[in-house]
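**Student:** A single structure is presented below for examination.
Derivation of every value follows stated rules applied to the coordinates shown; laboratory data play no part. The structure presented is a predicted model; accordingly, all values stated were derived computationally and were not measured. Counting neighbours? That spans all protein chains shown, and the Cβs are built from the backbone with ideal geometry, glycine included.
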Amino acid sequence: MRPERRTVGLAALLLLAVTACGTGAPGPLTPAAEGASGQPLSGRLTVFAAASLTGSFERLRDDFAAAHPGVQVQLNLGASSALARQIVSGAPADVFAAANPPTMATVVDAREATAPQVFARNRLQLVVPADGPGRVDTLADLARPELVVALCAVAVPCGEASARLLSSAGVTAAPDTLEQDVKAVLTKVALGEVDAGLVYRTDVLAGGGAVRGIDVPQADQVVNDYLVAVTSSTGNPSAARAFVAHLLSPRGQAVLREAGFELP
């Protein structure tokens with residue numbers, strides 16, 4: 001892949017994110033109950049989605065399957081960067097939902113997807129065990145060597161966002177473990193294996209009573225835009241477009257809002 005094309009692709013995606021957030025519109029796609037032939041949708045639909053979308057996309061999958069019983073929806077959830085590499089390497093995927101523009105750019109630049117759209121936004125929070133001793137109050141505490149800290153690896157979107165957040169706050173964290181997706185950080189905190197971590201606000205909500213979130217003022221400067229696209233190699237384009245339309249529909253956006261996502 002040529003560096004020049006990657007630069008252009010990322011710039012275009014960032015412009016798309018700004019445009020979508022500025023208009024407040026979910027995008028040009030509209031819900032589709034049938035395929036181009038006018039027949040009910042059917043077949044297998046494989047959706048690759050960021051781990052932080054787990055709860056929301058499980059609900060959206062169930063809603064979509066109920067509306068289109070002929071479609072078998074399979075979710076592949078994980079770190080966006082790993083999913084992007086799989087798609088570029090030829091893994092069968094019909095829809096890709098990424099947790100930040102650079103990750104989506106990897107797939108777009110490889111010509112494995114086109115016309116991604118921003119469908120949600122997310123920001124980071126400090127997270128601590130709900131029954132912890134209360135030794136963590138601010139982002140600066142992550143630099144204390146006596147604490148056990150979990151962060152996402154910088155190669156994945158939550159890790160890249162965490163690095164930007166810590167840099168903007170002038171904090172040099174001392175992580176004891178670097179995880180490959182945000183759910184792994186949340187799990188370690190919920191189990192009390194670490195004293196604190198950085199996860200998305202939606203993950204704190206998903207953690208329920210096992211964890212407690214602490215707002216970080218600087219997080220307002222580090223907001224992740226989530227993008228979705230139909231892959232170029234999809235074997236079920238009608239169902240893929242319909243799933244994206246459902247995601248962008250009022251019902252889909254309500255599911256995301258209930259999970260704590262901000263809407264574009």
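**Student:** Could you please find all residues in region 51-76 being free of Cβ contacts under 8 Å to residues at least 60 places away in the same chain and among the aliphatic types (A, V, I, L, M)? Outline the logic, then answer.
**Tutor:** Within region 51-76, the subset free of Cβ contacts under 8 Å to residues at least 60 places away in the same chain is 57-58, 61-62, 65-66, 69-70, 72, 74-76.
Passing the criteria: Ala65, Ala66, Leu75.
**Student:** Determine if region 233-241 includes at least one residue that is surrounded by 23 or more Cβ atoms within 10 Å (Cβ to Cβ) and under 30 Å from Gly132 (Cα atoms).
**Tutor:** Checked region 233-241: no residue is surrounded by 23 or more Cβ atoms within 10 Å (Cβ to Cβ) and under 30 Å from Gly132 (Cα atoms).
**Student:** For region 35-76, give me each residue that is outside any strand (DSSP E or B), in contact with a Lys or Arg (Cβ under 9 Å, 6 or more places away or on another chain) and crowded, with 21+ Cβ neighbours inside 10 Å.
**Tutor:** Ala51, Ser52, Leu60 - these are the residues of region 35-76 that are outside any strand (DSSP E or B), in contact with a Lys or Arg (Cβ under 9 Å, 6 or more places away or on another chain) and crowded, with 21+ Cβ neighbours inside 10 Å.
**Student:** Looking only at region 88-118, how many residues end up being assigned to a loop (DSSP other than H, G, I, E, B) and among the aliphatic types (A, V, I, L, M)?
**Tutor:** If we filter region 88-118 for residues that are assigned to a loop (DSSP other than H, G, I, E, B), which is where we start, we get 89-94, 99-100, 110-112, 114-116.
Applying the additional criterion that residues be among the aliphatic types (A, V, I, L, M) yields 91, 93, 99, 110, 115.
Qualifying residue count for the region: 5.
**Student:** Same structure, new question: So, Ala219, is that one surrounded by 19 or more Cβ atoms within 10 Å (Cβ to Cβ), in contact with an Asp or Glu (Cβ under 7 Å, 6 or more places away or on another chain), touching a residue at least 60 places away in the same chain (Cβ under 8 Å) and part of a helix (DSSP H, G or I) or not? It would help to see each step written out before you state the result.
**Tutor:** Working: surrounded by 19 or more Cβ atoms within 10 Å (Cβ to Cβ): yes; in contact with an Asp or Glu (Cβ under 7 Å, 6 or more places away or on another chain): no; touching a residue at least 60 places away in the same chain (Cβ under 8 Å): yes; part of a helix (DSSP H, G or I): yes.
Spelling it out, it is not the case that Ala219 is surrounded by 19 or more Cβ atoms within 10 Å (Cβ to Cβ), in contact with an Asp or Glu (Cβ under 7 Å, 6 or more places away or on another chain), touching a residue at least 60 places away in the same chain (Cβ under 8 Å) and part of a helix (DSSP H, G or I).
**Student:** Taking Ala110 as the residue in question, decide whether it is touching a strand residue (DSSP E or B) at 6+ places or on another chain (Cβ under 9 Å) and either touching a residue at least 40 places away in the same chain (Cβ under 8 Å) or crowded, with 16+ Cβ neighbours inside 10 Å (or both). Give the steps one after another, and end with the answer.
**Tutor:** Working: touching a strand residue (DSSP E or B) at 6+ places or on another chain (Cβ under 9 Å): no; either touching a residue at least 40 places away in the same chain (Cβ under 8 Å) or crowded, with 16+ Cβ neighbours inside 10 Å (or both): yes.
It is false that Ala110 is touching a strand residue (DSSP E or B) at 6+ places or on another chain (Cβ under 9 Å) and either touching a residue at least 40 places away in the same chain (Cβ under 8 Å) or crowded, with 16+ Cβ neighbours inside 10 Å (or both).
**Student:** Do we have any residue at all in region 141-160 that's in contact (Cβ under 8 Å) with a residue 40 or more places away in the chain, in contact with a Phe, Trp or Tyr (Cβ under 8 Å, 6 or more places away or on another chain) and not β-branched (Val, Ile, Thr)?
**Tutor:** Looking through region 141-160, at least one residue is in contact (Cβ under 8 Å) with a residue 40 or more places away in the chain, in contact with a Phe, Trp or Tyr (Cβ under 8 Å, 6 or more places away or on another chain) and not β-branched (Val, Ile, Thr).
**Student:** Another question, then. Going through region 124-148 one residue at a time, which ones are over 22 Å from Asp220 (Cα atoms), surrounded by fewer than 20 Cβ atoms within 10 Å (Cβ to Cβ) and not small (Gly, Ala, Ser)?
**Tutor:** Across region 124-148, the qualifying residues are Asp131, Pro133, Arg135, Arg144, Pro145, Glu146, Leu147, Val148.
**Student:** If Arg121 passes every condition in (1) over 22 Å from Val222 (Cβ atoms); (2) touching a Pro at 6+ places or on another chain (Cβ under 7 Å); (3) surrounded by fewer than 23 Cβ atoms within 10 Å (Cβ to Cβ) but one, which one does it miss?
**Tutor:** For Arg121, the exception is condition (1).
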